[in-house]
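Right, one structure below, let's go through it.
The values are calculated or read from the model by the stated rules, or taken from the named source; none is laboratory data. None of these values were measured; they are calculated from a predicted model. Note that we place each Cβ from the backbone using ideal geometry, even for glycine, and neighbour counts take in every protein chain shown. Side chains included, ligands, DNA and RNA excluded: accessible areas come from the protein's heavy atoms. Shrake-Rupley method; radii C 1.70, N 1.55, O 1.52, S 1.80 Å.
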Protein chains: 2
Amino acid sequence: MVNGTRTGGHGTRSGGNEPCTGGDGPRAGANGPRTSANRAGTDAGFDAWFAERARVNEQRVETIPFSALSGWDFDPATGDLRHHTGRFFSVRGLHVRPAGPGGPPGWSQPIIDQPEIGVLGILARTFDGVRHFLLQAKAEPGNINGVQLSPTVQATRSNYTRVHRGGSVRYLEHFTDRRGRVLVDVLQSEQGSWFLRKRNRNMVVEVDDDPPVHDDFRWFTLDEIRALLHRDNLVNMDARTVLSCLPPEHPADEHGALHSLTEVTGWFTEAKTRCEMTAEVVPLTGITGWRRTPTEIASEDGGRFRVIAVDVTAPHREVPAWTQPMLAPCAQGLAALLYRTIGGVPHFLVQAQAQEGCLDKLEIGPTVTRVPGEHGGLPADMRSPFRDVLDSLSPDRIRYDRVQSEEGGRFFAAETRYVIAELDEDFPTEVPSRFCWATPGQLKELLRHSHYVNIEARTLVACAEALA
Amino acid sequence: MVNGTRTGGHGTRSGGNEPCTGGDGPRAGANGPRTSANRAGTDAGFDAWFAERARVNEQRVETIPFSALSGWDFDPATGDLRHHTGRFFSVRGLHVRPAGPGGPPGWSQPIIDQPEIGVLGILARTFDGVRHFLLQAKAEPGNINGVQLSPTVQATRSNYTRVHRGGSVRYLEHFTDRRGRVLVDVLQSEQGSWFLRKRNRNMVVEVDDDPPVHDDFRWFTLDEIRALLHRDNLVNMDARTVLSCLPPEHPADEHGALHSLTEVTGWFTEAKTRCEMTAEVVPLTGITGWRRTPTEIASEDGGRFRVIAVDVTAPHREVPAWTQPMLAPCAQGLAALLYRTIGGVPHFLVQAQAQEGCLDKLEIGPTVTRVPGEHGGLPADMRSPFRDVLDSLSPDRIRYDRVQSEEGGRFFAAETRYVIAELDEDFPTEVPSRFCWATPGQLKELLRHSHYVNIEARTLVACAEALA
């Protein structure tokens, strides 16, 4: 699937498993007022800046055999793939029983265990009465196109506690010391099919002073970022999740919601109570249905993902060369959020979505999801009954349809097609118990707290807010 | 510590480790208007009813050797104590490293693993314009005084999915089918030092019809329940946690709070990020510092708790006789909530309290806690610096000081002294980073969600609401 060498940079990707869909120019312009340097500027200004950052941050990513990893080894006792410091992350085994110990045997799989909580922080500042956000053009080895727009700070704890021995992380002090007004500070989970109980600290801190704008950084208005969300593979996953947690521009109002917030959280409680799924960490050597070769750990049916090793050369980064394991999905994922207007108020159809790596069994996900190469073990009742509805919608119902990347530091060329579509007003409000109608304002209220809205749904919340 | 036989019933306890403090008469009267049978009635009426329920529900609880347990065995491979069906709960081992893998070795201990989510449900109904709650006089083998006032329904999933093969659980259908207005429906955690990631579903459902009031059940107004919270060991833990989750009688208002709710949740996020504690399940045979005899598993320093086995004869219960393991704390616990008025608004001084069995490392706890026989491994920075403040307060500062029981189905004669005390207005608002000032309204807002406010703090929220 992934072979040989991939060279990052704007639109110069080769060797991925999907046709390159990124970087094909603006679809919606970014054209707010600008009055000083280092703000997003016109489309043309942004594109020139971004192309330059991509050139400067060019990196070379090469797949290598596991034996060529430096500092990483398979633990002799468990077969887990770990760093010799015990930090960063490890690849372990997980045994999942979708119906609990009394049910069918379920399946097992590798999973990334990264217990440290990192910081995804965006710095905010008001210029000329308009709030701006400082984003970074950042390269990651798994990124489609090499460079994507990232939060001001995107740092693992190993990063900033100096396990890397690299340079200091720019702007980090604003988040660790919470200098300024904290607009967002909440732990949010990441991919429950690939990560074991992983979450990061999503932060937005607003300052009054004028911090220096270093290379690779640029101020953007919310409107400008939202316009860029209409391009494929440009605004990275970490930026999308932080944006989704921003307080609503208009205070939420329960008036007109089909269900009260107490009913929505009660539905969520009910779903957790019913869910009997268990997920137990097991030695990586103990998983079945996967085989390890010198270059990959892959499912025998070729379906889901592969664990691979890469060698990265990134002359511009603090650590200019390293090797690491990555998780490479075998196909593009899909996440679709359907909505309809009920009593004049838009309502998203959301799902209580069990995922094996969730800290607490399930979170609120989109109406329809397809994780790459859905494993055969997935019980029928975990599949979305609304997949057919999505497929049968006429094109004029599709409000958003873009391919976005998942996190490029752990996932290699992981793309998901994100879709937002409007249902007819005669679409039944009665839905299976795993589903619920929630207003955008209710989702925003839940986003003030951890472990309600999953990463795919958070991307879709951010994208929905980009629909004018 | 616990020897021989204990006979339940009102005030007839023997063989416990603490002087019996319960059932010594009313301190605050329960004297609302009553217009029909089966409501709480006057103090005298309540006392007569409750004494009769205690007599009818008398049970005999006897400590037995593990070998006399029926259906329970030590797993030959792990030494875990489990039921042959794999249901109910098991006693496993936990290895805790308070500073994570890189820190000191930490400690290990037994812990109760009960993954099923049970229902703690209180039925509500309005009579003559006043909301009433249906409580049950329920015996549990570990209860001080045998019978305590419990929620309408207190059922493990094994209870109501018929693993017990007992009779049906009264009123359960109101909660499983959510018949009526759902006022509360949220998962809340239980004792993080004794339970592994345990939580129950806290529910209040209001009905309009007039359900039959069976033996052992009685309607109470909130004022009546609050008056009974001024007696020792009467309102059980399960009732207290559900009551703490009731929506506030007056909508919360952030006005006057020292910190916004975003700041309070941000403080909580920060505390989680800093906490490096890990807790890993290990075989029970693999724990150190504990010894197993034919009758108990006890810490070698005699400090914390013992795992024992009991034989229960309860002629009035659905299952009239059974044996089970229990956890018996070695001393009385302490949980104290200090508050002061800031700008005219009361603020509780709460703590981000790491506990080994927490689903997510820590929750918000009282200002001061002392778990029975605090183990030597507890690092200094996990102890409350406000213990001395509490000890030095003059008696007129103590607003609440009662002994209440922890859950009697798993814990044997587990008592905690709950204290609420007011600090002077010159008490510094600057507190160590592990602590934060939060208003009662803010805690109520957080109680709409899971895993914020721990069980000891929830009891104190319920008790604080009982202070007129």
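In terms of its alpha-carbon gyration tensor, segment A:157-250 comes out rounded; the largest-to-smallest axis ratio a/c stays below the 1.5 threshold.
Each Cα pair of segment B:229-387 feeds into the Kirkwood radius, which the Stokes-Einstein equation turns, at 37 °C and 0.692 mPa s, into a diffusion coefficient of 168 µm²/s. For segment A:43-104 versus segment B:172-196, the spacing of their alpha-carbon centroids is 39 Å. Counting only protein heavy atoms and using a 1.4 Å probe, the accessible area of B:ARG179 comes to about 110 Å². With all pairs of separate Cα atoms included, chain B yields a Kirkwood hydrodynamic radius of 22.7 Å.
Full extension of the chain between A:ASP177 and A:ASP73 gives 33.9 nm of extra length, using 0.36 nm per residue less the Cα-Cα distance. Approximating the spin labels as points 7 Å out from Cα along Cα→Cβ, the B:THR313-to-B:ALA99 distance works out to 5.4 nm.
What is the calculated FRET efficiency for A:HIS250 to A:TRP49, with r their C-beta to C-beta distance and R₀ = 35 Å, to the nearest 0.05? Plugging the Cβ-Cβ distance into 1/(1 + (r/R0)^6) gives 0.65. Each Cα pair under 8 Å and six or more residues apart adds its sequence gap; the mean of these over the residue count of chain A is a relative contact order of 21 percent. Using the Cβ of B:LYS198 as centre and a radius below 11 Å, the other residues enclosed give a net charge of -1, where K and R count +1 and D and E count -1. Taking the label point 7 Å along Cα→Cβ, B:PRO283 and its counterparts in the other copies are spaced 1.3 nm apart, in ascending order.
Its Cα centre serving as origin, the protein assembly as shown has a Cβ charge dipole (Lys and Arg +1, Asp and Glu -1) of approximately 1420 debye. Here segment A:231-294 and segment B:234-310 have alpha carbon centers that stand 25 Å from each other.
Restricting the calculation to Cα atoms, every distinct pair contributes to the Kirkwood radius of the protein assembly as shown, found to be 29.4 Å. Only beta bridges with both residues in chain B are counted; by DSSP, about 80 percent of them are antiparallel. Label points for B:GLU249 are taken 7 Å from Cα along Cα→Cβ. From this copy to the others they lie 4.2 nm apart, shortest first.
Coupling constants for segment A:420-430 follow from the phi torsions by the Karplus curve (6.51 cos²θ - 1.76 cosθ + 1.60, θ = phi - 60°), and in residue order they are 10, 9, 9, 8, 5, 6, 9, 5, x, 7, 6 Hz; glycine and proline get x. Rolled with a 1.4 Å probe across the full set of protein chains, the surface gives A:ASP426 an accessible area near 130 Å². Of all chain A C-beta atoms, the nearest to the rotation axis linking A with B is recorded, alongside its rounded Å distance, as A:HIS449, 3. A point 7 Å from Cα along Cα→Cβ stands in for B:ARG387, and the other copies hold the same point at 5.7 nm, listed in rising order. The orientation-averaged projected area of the convex hull spanned by the Cα atoms of segment A:302-419 comes to 10.6 nm².
Cross-link reach is defined here as a Cα-Cα straight distance under 16 Å, omitting same-chain residues fewer than 8 places apart; for A:LYS272 the lysines meeting it are A:LYS361, B:LYS198. Dividing the summed -39500 (n - 2.57) terms of all DSSP H runs of n ≥ 4 by the residue count of chain B sets its mean residue ellipticity at 222 nm at -4500 deg cm²/dmol.
Charged side chains reduced to their Cβ positions (Lys and Arg at +1, Asp and Glu at -1) give chain B a dipole of some 1020 debye around its Cα centre.
Model label points for A:ASP128 and B:LEU258, set 7 angstrom from Cα along the Cα-to-Cβ axis, are 4.2 nm apart.
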